[in-house]
Amino acid sequence: MEYEAEIVEGIEDLAEREILDRFPGARVTLRRAALRQFSVDASPARLSLLRLTSAVYLRLTFDIPRPKALLGHQHLTRFLTAIHTITNSQRDRFMTLSIDAAGSESSVMQRIKQELAAALNLTVDPDKGDLHLRMRRSLTADGWDVLIRTTPRPLVTRDWRVCNYEGALNATVAAAMISLLKPAPDEPLLNLMCGSGSLIIERFASQPDAPTVACDISPEALACAAANLQASGVHHPALIRTDATRLPFPDATFPLLAADLPFGQLIGSHESNRGLYPVVLSEAFRVTRPGGRFAVITHEVKLIEQALRGAGWQVDPPRMITLRGLHPRIYVLRKP
């Protein structure tokens, strides 16, 4: 089957590697910024296992001059058969339909929506339908591609996120940060300023019994993290209320650390970050074991690079990503 993966720009290589590792027979057929097209003999439901991909679409290519031809019996039958393959493979019901396409308000697109909605017994939603379709000229052939999202919600919209917290980290980016740490299952992880728990939950998604400690100074954040952890089915991590600038741990305690540092927009400010970043990096260095790794994401690029000078960390080349119109960077720091 032919699929298209929608990916946060900047982590495409990590997402591609996950696809190839999970599905050894997969073959990548197109690489572009923020997407990968691939073929694999796997049902749409199995693609739901991917953690580093924001959304997956089943891709159909129709050798037609314009979308109106999709209303022909042969093409419409193929279209509906593919949709039923997806809807029949998911536990969650599909109740609404949306289509993203150029000219989506044209009479032709309106008719396509009505035909599909009637055939599938769905209600048309103009923006965010459970059954979400995209139509565009094919990127690899003559004709048109029809992309059918394989899940009622994008994969990045995790089921465990029952508590939304201001500035919460994108789940696929959190999964990427954990991937970059290359954790062994028995290596303890300390998540500084854990917020709503994205990083620790993504660690447990790949290593369910991994020893993990998360801390935050905000009781509201810890309550939110606890709710999300419970929804994820994880009940055993330690959640500690403490200041990341004065950690209650001995020197060289943890081999792994991770933090989503405040960007100074929704959370914190540039002025407060000027004082915060150097102290957090110093305290993290203190509690990290020699040879340990610390994954950090921030939008305060100049500030963190200034704070890292002379801080003792070895710094891997940073990875710039595109996230909600921002361009934060992920840093992996290593303690010699």
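With the condition kept exactly as written, say whether any residue in segment 269-282 is of a type outside the set (Phe, Trp, Tyr), part of a strand (DSSP E or B) and at pLDDT 95 or above.
Checked against the condition, which is being of a type outside the set (Phe, Trp, Tyr), part of a strand (DSSP E or B) and at pLDDT 95 or above, segment 269-282 yields no hits at all.
The rows are residues; the columns are (1) of a type in the set (Ser, Thr, Tyr); (2) out of contact with any helix residue (DSSP H, G or I) (no Cβ under 7 Å at 6 or more places or on another chain).
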position: Val279; (1), (2): no, yes
position: Arg286; (1), (2): no, yes
position: Phe294; (1), (2): no, no
position: Thr298; (1), (2): yes, no
position: Ile304; (1), (2): no, no
position: Ala307; (1), (2): no, no
position: Val315; (1), (2): no, no
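Only one of (1) without any contact (Cβ under 8 Å) to a residue 40 or more places away in the chain; (2) out of contact with any Pro (no Cβ under 7 Å at 6 or more places or on another chain); (3) not β-branched (Val, Ile, Thr) fails for Tyr331. Which number is that?
(2)
Checking Val156 against (1) outside the structural domain of Pro328 (by TED's automatic domain parsing); (2) surrounded by fewer than 19 Cβ atoms within 10 Å (Cβ to Cβ), only one condition comes out false. Which one?
(2)
Of Leu155, Leu147, Leu133, which residue is under 26 Å from Ser232 (Cβ atoms) and modelled with pLDDT of 95 or more?
When all the criteria are applied, what remains is Leu155.
Does segment 233-247 hold any residues that are at pLDDT below 95 and either surrounded by 19 or more Cβ atoms within 10 Å (Cβ to Cβ) or among the hydroxyl-bearing types (Ser, Thr, Tyr) (or both), and which are they?
Within segment 233-247, Val234, Pro237 meet the criteria.
Of a type in the set (Val, Ile, Thr), modelled with pLDDT under 95 and more than 19 Å from Thr150 (Cβ to Cβ) - does that describe any residue in segment 79-95?
Within segment 79-95, none of the residues are of a type in the set (Val, Ile, Thr), modelled with pLDDT under 95 and more than 19 Å from Thr150 (Cβ to Cβ).
Being under 25 Å from the mean Cα position of the chain (by Cα), crowded, with 16+ Cβ neighbours inside 10 Å and not in a loop (DSSP other than H, G, I, E, B) is the filter here, so list the residues in segment 299-314 that pass it.
Ile304
Filter segment 180-226 down to residues that are surrounded by fewer than 17 Cβ atoms within 10 Å (Cβ to Cβ), over 23 Å from Glu18 (Cα atoms) and small (Gly, Ala, Ser), then give me how many there are.
Final tally of qualifying residues: 2.
Can you find a residue in segment 227-241 that is more than 27 Å from the chain's Cα centre (by Cα) and over 15 Å from Asn164 (Cβ atoms)?
no
Going by what's in this entry, would Ser198 be described as more than 17 Å from Arg293 (Cα to Cα), touching a residue at least 60 places away in the same chain (Cβ under 8 Å), among the polar types (S, T, N, Q) and not assigned by TED's automatic domain parsing to the domain that holds Pro44?
So Ser198 passes the test.
Could you check Ser282 against (1) within 21 Å of the chain's Cα centre (by Cα); (2) more than 20 Å from Gly195 (Cα to Cα) and say which number it fails?
Going through (1) within 21 Å of the chain's Cα centre (by Cα); (2) more than 20 Å from Gly195 (Cα to Cα) one by one, Ser282 breaks only (1).
How many residues does segment 59-89 hold that are assigned to a helix (DSSP H, G or I) and either under 17 Å from Leu155 (Cα atoms) or not assigned by TED's automatic domain parsing to the domain that holds Pro44 (or both)?
So the answer is 2.
Condition first: under 30 Å from Glu202 (Cα atoms), buried (at least 20 other Cβ atoms within 10 Å of the Cβ) and among the small types (Gly, Ala, Ser). Can you find one or more residues in segment 23-30 that meet it?
Among the residues of segment 23-30, not one is under 30 Å from Glu202 (Cα atoms), buried (at least 20 other Cβ atoms within 10 Å of the Cβ) and among the small types (Gly, Ala, Ser), which makes the answer no.
Thr53 versus (1) within 30 Å of Met320 (Cα to Cα); (2) not in a loop (DSSP other than H, G, I, E, B): which is the lone unmet condition?
Unmet for Thr53, out of (1) within 30 Å of Met320 (Cα to Cα); (2) not in a loop (DSSP other than H, G, I, E, B): (2).
The values are calculated or read from the model by the stated rules, or taken from the named source; none is laboratory data. Note that the structure is predicted; figures quoted are calculated from it, not measured. Ideal geometry is used to build each Cβ from the backbone, glycine not excepted, and the neighbour counts take in all protein chains shown.
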